[in-house]
Amino acid sequence: MSQLRERLTAGTFVVTAEIAPPKGTQVAAEVETARQLSGMTAINVTDNQGANMRLSPLVMATLLRQAGIEPILQLTCRDRNRMALQSDLLGAAALGIENLLLLSGDHARFGDHPQARSVFDLDSVQLLQAVNTLMAGTDMSGKKLDGVPAFFAGAAVSPEMEPFELMFQKYRKKVESGAAFFQTQAVFDAGKVERFMAEARPLGRPVLAGVLLLRSAGMARFLNANIPGVHVPDALIERLEKATKPLDEGVLIAREMVAVTRDCCQGVHLMTLGHEGRIPEILAG
């Protein structure tokens with residue numbers, strides 16, 4: 001059983017982080033970064049994050065596992081049809097990878113290969129259903145598997161997305177489709193997180209709140225303009241603008257959000273974007 005599953009089942013507050021595979025074949029730096037993330041229950045390995053081409057997340061997750069680090073393999077629907085997704089899932093199981101985070105993925109036009117054709121043969125709900133079909137012993141066409149995978153499959157949710165009712169309807173559908181845990185999009189509004197958790201708690205799925213380290217006011221404005229479901233409040237942008245050291249202020253903001261999540265969520269997922277050395281400060285207090 002995965003450490004992530006064990007701790008969430010036991011009700012232990014979980015902390016995860018993430019790394020992006022390299023754009024190339026040199027992986028030593030990423031493995032070393034993951035080694036330095038002491039105290040993390042597991043490390044997310046992103047899948048061509050932001051629609052930018054990188055090394056296969058399945059390969060990176062396997063390398064982490066070989067280094068004694070528990071991975072969470074992200075898989076998106078953007079780059080693979082249902083055959084390729086099932087193939088990669090069976091490959092992950094054969095390599096001993098249990099934790100999954102299943103996502104739709106950003107459209108290719110937003111990344112470094114805008115001419116690429118996005119696939120989206122399945123959406124994130126259908127991918128969850130496909131995973132549960134594999135765990136039941138058949139593929140999506142009903143053919144019996146020779147060896148059945150055992151996954152701990154998670155999904156994404158955006159608690160600050162409006163309208164709330166539409167967002168929560170999709171959340172409920174993912175629960176019904178077999179999501180075992182959830183990781184949220186980056187959150188910055190304590191009231192909206194608490195509202196979401198009040199509605200989500202009766203459905204009985206652990207939620208890891210996404211906490212993103214803001215580096216500057218410009219970064220915050222970019223998120224507001226370009227990332228659906230993410231909204232950095234004006235008050236936080238003003239704090240970053242006034243700060244002599246915006247990154248230090250970003251650490252304080254992240255620490256405040258972690259404090260909020262400790263009261264209402266089952267864990268936190270930290271997105272520090274190359275500033276992993278600041279994680280102890282974010283978790284302090």
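Pull out all pairs, ordered by first then second residue, where Cβ-Cβ is under 9 Å, the residues are six or more apart or on different chains, the first lies in segment 230-249 and is over 13 Å from Asp189 (Cα atoms), and the second is of a type in the set (Asp, Glu) and surrounded by fewer than 20 Cβ atoms within 10 Å (Cβ to Cβ). Short answer, once both residue conditions are applied: Asp248/Glu281.
When Leu55, Leu102 are checked against the criterion of being part of a strand (DSSP E or B) and either under 16 Å from Phe152 (Cβ atoms) or out of contact with any helix residue (DSSP H, G or I) (no Cβ under 8 Å at 6 or more places or on another chain) (or both), a single residue qualifies: Leu102. Being loosely packed, with under 13 Cβ neighbours inside 10 Å and either assigned to a strand (DSSP E or B) or within 18 Å of the chain's Cα centre (by Cα) (or both): is that true of Gly50 here? No; evaluated as a whole, the condition is false for this residue. When you go through Leu213, Leu273 one by one, which is the residue that is surrounded by fewer than 17 Cβ atoms within 10 Å (Cβ to Cβ), under 18 Å from the mean Cα position of the chain (by Cα) and closer than 25 Å to Met40 by Cβ? That would be Leu273, the only listed residue that is surrounded by fewer than 17 Cβ atoms within 10 Å (Cβ to Cβ), under 18 Å from the mean Cα position of the chain (by Cα) and closer than 25 Å to Met40 by Cβ.
Taking segment 69-98 as the range and being hydroxyl-bearing (Ser, Thr, Tyr) and not in a helix (DSSP H, G or I) as the test, only Thr76 passes. For segment 131-157, taking the residues that are assigned to a strand (DSSP E or B) and more than 16 Å from the chain's Cα centre (by Cα), the one that is surrounded by the most Cβ atoms within 10 Å (Cβ to Cβ) is identified as Thr138. For segment 6-23, a residue qualifies if it is in a helix (DSSP H, G or I) and either modelled with pLDDT under 95 or surrounded by fewer than 22 Cβ atoms within 10 Å (Cβ to Cβ) (or both), and the qualifying residues are Glu6, Arg7, Thr9, Ala10. Selection over segment 55-78 of residues that are of a type outside the set (A, V, I, L, M), under 17 Å from the mean Cα position of the chain (by Cα) and surrounded by fewer than 19 Cβ atoms within 10 Å (Cβ to Cβ) gives a count of 1.
Evaluating Gln26 against the criteria (1) outside any helix (DSSP H, G or I); (2) of a type outside the set (A, V, I, L, M, F, W, C); (3) farther than 25 Å from Arg262 by Cα; (4) touching a residue at least 12 places away in the same chain (Cβ under 8 Å) leaves one unmet condition, (4). Per the conditions (1) at positive phi; (2) assigned to a helix (DSSP H, G or I), the sole criterion not satisfied by Gln126 is (1). Scanning segment 158-209 for residues that are of a type in the set (Phe, Trp, Tyr), surrounded by 22 or more Cβ atoms within 10 Å (Cβ to Cβ) and over 19 Å from Gly11 (Cβ atoms) returns Tyr171, Phe188, Phe196. Residue check: Asp189 meets all listed conditions (1) acidic (Asp, Glu); (2) under 19 Å from the mean Cα position of the chain (by Cα); (3) farther than 27 Å from Ala51 by Cα but one, namely (3). Among residues of segment 126-137 that are closer than 10 Å to Leu89 by Cα, those with a beta-carbon under 8 Å from a residue that is in a helix (DSSP H, G or I) and among the basic types (Lys, Arg) at least six positions away or on a different chain give the pairs Ala130/Arg82.
Of the candidates Ala42, Ala61, Ala28, Ala10, the single residue that is among the small types (Gly, Ala, Ser) and more than 24 Å from Asn132 (Cβ to Cβ) is Ala28.
Condition check for Thr244 on (1) in contact with a strand residue (DSSP E or B) (Cβ under 8 Å, 6 or more places away or on another chain); (2) at pLDDT 95 or above; (3) among the polar types (S, T, N, Q): one failure, at (1). Just so you know, in segment 99-130 the residues that are acidic (Asp, Glu) and surrounded by fewer than 18 Cβ atoms within 10 Å (Cβ to Cβ) include one that is nearest to Gln74 (Cα to Cα), and it is Asp123.
The values are calculated or read from the model by the stated rules, or taken from the named source; none is laboratory data. A quick note: this is a predicted structure, and the numbers were derived from the prediction, not measured. In this analysis, Cβ positions are derived from the backbone assuming ideal geometry, glycine residues included, and neighbour counts consider all displayed protein chains.
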